[in-house]
1. Which of the numbered conditions does Pro110 fail, given that it passes all the others? Conditions: (1) surrounded by 15 or more Cβ atoms within 10 Å (Cβ to Cβ); (2) at pLDDT 90 or above.
2. How many of the residues making up the stretch 194-232 are within 20 Å of Ser333 (Cβ to Cβ), assigned to a loop (DSSP other than H, G, I, E, B) and among the polar types (S, T, N, Q)?
3. Just to be sure I understand, how many residues within the stretch 169-196 are touching an Asp or Glu at 6+ places or on another chain (Cβ under 7 Å) and of a type in the set (D, E, K, R)?
4. Given (1) modelled with pLDDT of 90 or more; (2) among the acidic types (Asp, Glu); (3) within 20 Å of Thr221 (Cα to Cα); (4) surrounded by fewer than 12 Cβ atoms within 10 Å (Cβ to Cβ), identify the lone condition not met by Asp297.
5. Taking interchain pairs and intrachain pairs at least six residues apart, which have beta carbon atoms under 6 angstrom, with the first residue in the stretch 127-146 and in contact (Cβ under 8 Å) with a residue 12 or more places away in the chain and the second of a type in the set (Gly, Ala, Ser) and surrounded by 13 or more Cβ atoms within 10 Å (Cβ to Cβ)?
6. Residues that are aliphatic (A, V, I, L, M), at pLDDT below 80 and touching an Asp or Glu at 6+ places or on another chain (Cβ under 6 Å): does the stretch 54-63 have at least one?
7. With respect to Gly318, determine if the residue is within 13 Å of Ala188 (Cα to Cα) and outside any helix (DSSP H, G or I).
8. If I filter the stretch 16-28 for residues that are of a type in the set (Phe, Trp, Tyr), at pLDDT below 80 and outside the structural domain of His154 (by TED's automatic domain parsing), do I get at least one hit?
Amino acid sequence: MAEPAERPRKAGHGEDSIYWDKSRNRYIGAASLGYTSNGKRNRIKVSGKTKTEVRRKLRERRKEIEAGVKTASTYTISEAVSDWLAQGLKGRELSSLATYRSLADCHITPDLGKAKLRELEADVLDVWLDARAGVLATQSLGMVHSILRRSIAHAQRRGKVLRNVAELVEVPEGRPGRPSKSLTLQQAENVLRTQKGSWIHAYVVLSLLVGIRTEEARPLTWEHVHTEATTEAPPHVDVWRSVRRGADTKTRKSRRSLAMPQQAAAVMAAHRAKQWREYRQQGREWTEHGLAFPNDDGELRSAQNVRRNLRKLLREAGFPQPDEWTTRELRTSFVSLLSDHGIPIEVIARVVGHSGSNTTERVYRKQLRPVITDGAEAMDNIFGGTAGESTASPPDSA
């Protein structure tokens, strides 16, 4: 930009001063805020490409000072996000923290990380969100925007910025999310025949034939698995816990008891007997309070570990692209297979714990007793003895 021909007017006493700095090729704005306690002159300076930009920045700096906000000129978006992740999410699940950090590292820091928080503008965010909409699904895009908005709000509460510019922009539609898949009947039969006798086979049988979530299956203990029929109830599993904080299910209404098909009961009984024998051989104590699907150390198995073992099973079952499948799709397959078998949608909703046929996975109905048997009866009809093994008597808990 060429140096302006006119000579700038000298600012009067108490006025803001704007002048051209040839060495920086920018306008400089200065404002006097009086004197500090030690007698030194207190001045603020800003810079910009135009006088209008400089005047705006001076006004904003004055507002910040009047509001008691002490924004550092070097405080960046990356620092704001890091502070929020470290201080603003206390008590959250480690998995949630990992998700937020991954999204921030992949989509916020590379593009906006070095930008000064005080200078961030809505137009910049609009351009950034439009670019991210081309690579992120709508839900993920909303989460990324939420991370930025909450990070700036966290900085606001600590007096590091005056306004939350992320609240001034609209989140565009992102790419369509990956639709969930369901196993066909033939695929399901192949899966139920694969790796019989392994823990992952038992896990798949329980998830596919009963329809519980992976977050409910991983913390399942043997005291909640009833493989023998009684005068009061058929074989069933009590879905009363999950890996969520507090070990409770997704909602209070998610607590329910579900009957197991005969083949699922047989597989779980055999799996328990095998685990009991292995524990005795290793000199370890087996109790009914122990996990049904623990890792090698007897601790809770991670979601990643389950997913990795499921994909190995699918590969062995002949799936051409096993890495495209996730554990939650065992539950969607459960619903799809019941629907294909002619089970009314109202019955399916009740079996999976939905309060109505249009409810997704947000609201569940509370039904501890009687045990819900519709899904188990249908699965016995669908698969017969595909997954079944010889029924083994459960080990004595003593």
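1. Single failed check for Pro110: (1).
2. Matching residues across the stretch 194-232 total 3.
3. Residues meeting the conditions: 2.
4. All conditions pass for Asp297, except number (1).
5. Listed by first residue and then by second, the contacts come to Ala133/Gly174; Leu136/Gly174; Ala137/Gly174; Thr138/Gly174; Leu141/Ala133; Leu141/Gly174.
6. Yes; the residues of the stretch 54-63 include at least one that is aliphatic (A, V, I, L, M), at pLDDT below 80 and touching an Asp or Glu at 6+ places or on another chain (Cβ under 6 Å).
7. Taking the combined requirement at face value, the residue satisfies it.
8. No, the conditions are met nowhere in the stretch 16-28.
The values are calculated or read from the model by the stated rules, or taken from the named source; none is laboratory data. Note that the structure is predicted; figures quoted are calculated from it, not measured. Cβ atoms come from the backbone with ideal geometry, glycine included; neighbour counts cover every protein chain shown.
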